[in-house]
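For reference, the structure is listed below as structure tokens.
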Amino acid sequence: MVYYQILKQRRKDLNLSIHDVSTQARLAPQYIAAVEENDMDVFVGDFDFVRRFVKAYAEAIGVNWEFIKDDVDLNISQYVYKKTQAQPQSIVLQNGPELYDIEDTPTFREPARQEVVAPAPTKKKSTKKKKKKKKSSGKSKAAMNKANVEIQKNAKKVARWTKKSRRNFLIAVFVGVVALLLGLNMVLNKISSEQSAADDRARQAELKAKEEETAKLANQKKETNKQNAKEEAEKNKKESEVESESILTCTDQQNNIYTITNLIETDQRLTIEVTLPQDSTIAVYQDDTPINDTETKYEKEYYESFTIDHTCLIQLEITNFQENEIIINGQTITFDTSLWYEGEPAILYFEVKTNDGANYQEDAIDGEEVEEEEEEEV
């Protein structure tokens, strides 16, 4: 199979059109078709370009030029030889490598012309032959000039087409690079935003976990403190227990006033326990002096144990009274709601007296009663 058949078959195997190969090899489509059909007449005697065209075509579709170049040179030589035998002066080889990018010089060499020696003619015949030779030489020169003009036109067309193709190729490469950079920038921005969002979520989750851990530790500490206080109170209560116990009596049920005796002489500790159906603040005052945090809300249960070494008045206030269970020194007492209005604090009074029954002189309630009696007497 000759080289132009190889090229044509290769192009068909690649499912490429002549126009596709023309764009890839930067050659005019008519030259691609001429190479495939071995139509040397298209090149108008300019066979220096044939070898370059075939090489560019072969490289564009992946055919090994070294494998077919000898066949190409032989085919060109044979065609040139036939043309020189038929019309020796009509073939002109011109060099034009500056119009193309293919860096290869043709290895073609024009075969030596053979001179034919004609027999010596008579004078008349020689005169006629000279005239004929002059006429034929004039025609050959005109044909040669015309061929050169056509070759130059074709060369200019190829040069313009090649320059335009280069410009279009560079523009396409530039546009492709810009599009690639824009796409890469968009991808990087997206990755960066996703990473930032992931970092924010991780920080929020970490902060939330720390807050939960802090709240858990605070609750544990609070429960531990309550438990320690309760255990300490129970321990102190057990240590201070003697045979005698305090005596709790109700002296005014409607006003929720109670009297505690035998406390100072024996136990000296007053223990207050209140169950809380709902969260509530508890305030305990000894002679109008608070002995606990009156602003704290307690949950489920309130417990307080403290020492009393003198007669005094203990005031207990429950902010949200909901049938709370109240225990004083282990004895359960009730809160009379007859003079109490819902929504107001439940208040209980405990008068701490000595065993001889001495009254608490600074008792505000008793003081008010005494004042009222004096006013009546007056």
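FYI, it's all coordinate maths here, none of it is from the lab. This is a predicted model, so every value here is computed, not measured. Every residue, glycine as well, gets a Cβ built from its backbone with ideal geometry; the counts of neighbours run over all protein chains shown.
Here are a few things to note about the model shown:
- Peptides ranked, highest mean first, by Cβ atoms within 10 Å: ranges 165-176, 306-317, 340-351: 306-317, 340-351, 165-176
- Per-residue ³J(HN,Hα) for the stretch 22-34, Karplus 6.51 cos²θ - 1.76 cosθ + 1.60, θ = phi - 60°, Hz, x for Gly and Pro: 4, 5, 5, 8, 6, 10, 5, x, 5, 6, 4, 5, 5
- Normalised by residue number, the volume inside the convex hull of the Cα atoms of the stretch 1-82 is 80 Å³ per residue.
- Computed FRET value (nearest 0.05) for Q5 with E150, which takes r as the C-beta separation and R₀ as 30 Å: 0.60
- Protection proxy ranking, peptides 288-295, 64-71, 7-14, average beta carbon neighbours within 10 Å, highest first: 7-14, 64-71, 288-295
- Long-range HN-HN contacts of Y298 with modeled amide H, under 5 Å: S280, T281, I282
- Here the extension length gained between N168 and T23 equals 51.1 nm, from 0.36 nm per residue of separation less the Cα-Cα distance.
- Residue exposure sequence - Y81, Y57 - by fewest surrounding Cβ within 10 Å: Y81, Y57
- Cross-link table K12/K69; K230/K297; K300/K353; K82/K164; K83/K163; K216/K300, entries beyond 26 Å C-alpha to C-alpha: K300/K353; K82/K164; K83/K163
- Modelled spin labels at L182 and S338, positioned 7 Å past Cα toward Cβ, are 9.2 nm from each other.
- Projected label distance in nm at R160 and E212, using a 7 Å step from Cα toward the beta-carbon: 7.8 nm
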